[in-house]
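Heads up: the structure comes next, in structure tokens.
The values are calculated or read from the model by the stated rules, or taken from the named source; none is laboratory data. What you are looking at is a predicted structure, and each value in this text was computed from that prediction instead of being measured. FYI the Cβ positions are ideal-geometry reconstructions off the backbone, even for glycines, and counts take in every protein chain you see.
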């Protein structure tokens, strides 16, 4: 299915807020297939990357995680 909307979520040490943010993007399946969510983790020292990867594993067609190291 063609993606018609991409949402980019930059994150750095945001573990306290990331679940709520990503949960707010979960929509019914027929809409989810048109949505792409890119979580860009910029070298977080907390659990942000692991949280983002949970969503990528649970919703592989919608959520993607890009792990970067300090803006590189």
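Here the stretch 14-29 is the region considered, the condition is being assigned to a loop (DSSP other than H, G, I, E, B) and surrounded by fewer than 15 Cβ atoms within 10 Å (Cβ to Cβ), and the residue that is nearest to the chain's Cα centre (by Cα) is 24. Taking the criterion of being within 13 Å of residue 18 (Cα to Cα) and either at pLDDT below 95 or in a loop (DSSP other than H, G, I, E, B) (or both), the residues of the stretch 30-72 that qualify are 44, 46, 47. Taking the criterion of being surrounded by 14 or more Cβ atoms within 10 Å (Cβ to Cβ) and under 13 Å from residue 44 (Cα atoms), the residues of the stretch 1-13 that qualify are 11, 12, 13.
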